[in-house]
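Accompanying notes for the structure given below.
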Amino acid sequence: MGRSNAGKSTAINTMAQQRQLAFASKTPGRTQHINLFHLGPKAAPNLIWSDLPGYGYAAVERQAKLRWQEVMAQYLAVRRNLTGVVHMVDSRHGFTELDRNLLEFVSPRVRTGEVRLLVLLTKADKLNRKEADASLRQAREVLGEVATEESDVGIVLFSALKKVGVGDAAQVLRSWAASDELAQAQAELAAQVAAEKELAATRRDAPGR
């Protein structure tokens, strides 16, 4: 998720290594729906990325803005299979009031570790070293209100143009996928063990044994 001019579509395409997975329009605010992308092995995709509507673009009608914000708020707060959120924030401007508001909807789930959070400080190629340090510092202050011992929160300076932070962000996303696959495998193993124990107990209790 991210503001309409935060470089969201370009970042998605860069991370997915596809040129036109997400449409990067010259007019911010064009994404008006939740777009789902299936990623992973071509024969059996095992990841779903959700591209939420960009928010905060001034040229969009107020009612449309409010509608999009309500949709995103509900998605972040209650979507059951949501395992991680990538929040794209323009590194030149930092967290705006809208960024903070949207983050607040998913914060309870982040604090408990139910949902992971990665903040990409986009367009980092436009910053000098001092400005980049200041952007990181501001982001850490904001996320300090969300981070707990149970949470999984990360920050990466990111530039799709200069490929800054792409490897770091990709590594985080791969770790999320690996964690989910491990959790699923453990759940399946536990279910199998429980079924075998139940079957063995049934056999012991069967007449004539």
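Here are the numbers for this structure:
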{"item": "Residue exposure sequence - Trp68, Trp176 - by fewest surrounding Cβ within 10 Å", "result": "Trp176, Trp68"}
{"item": "FRET efficiency estimate (nearest 0.05) - Cβ-Cβ, Ala194 to Gln171, R0 45 angstrom", "result": "0.85"}
{"item": "Full-stretch length increase - Lys126, Asn101 - with 0.36 nm per residue and alpha-carbon distance subtracted", "result": "6.4 nm"}
{"item": "Sorted peptide list for 15-22, 155-162, 120-127, criterion being average Cβ within 10 angstrom, highest first", "result": "120-127, 155-162, 15-22"}
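FYI, it's all coordinate maths here, none of it is from the lab. On a predicted model such as this, the values are computed, not experimentally measured, just so you know. Because the Cβ atoms are built from the backbone with ideal geometry, glycine has one as well, and the counts that use them run over all protein chains shown.
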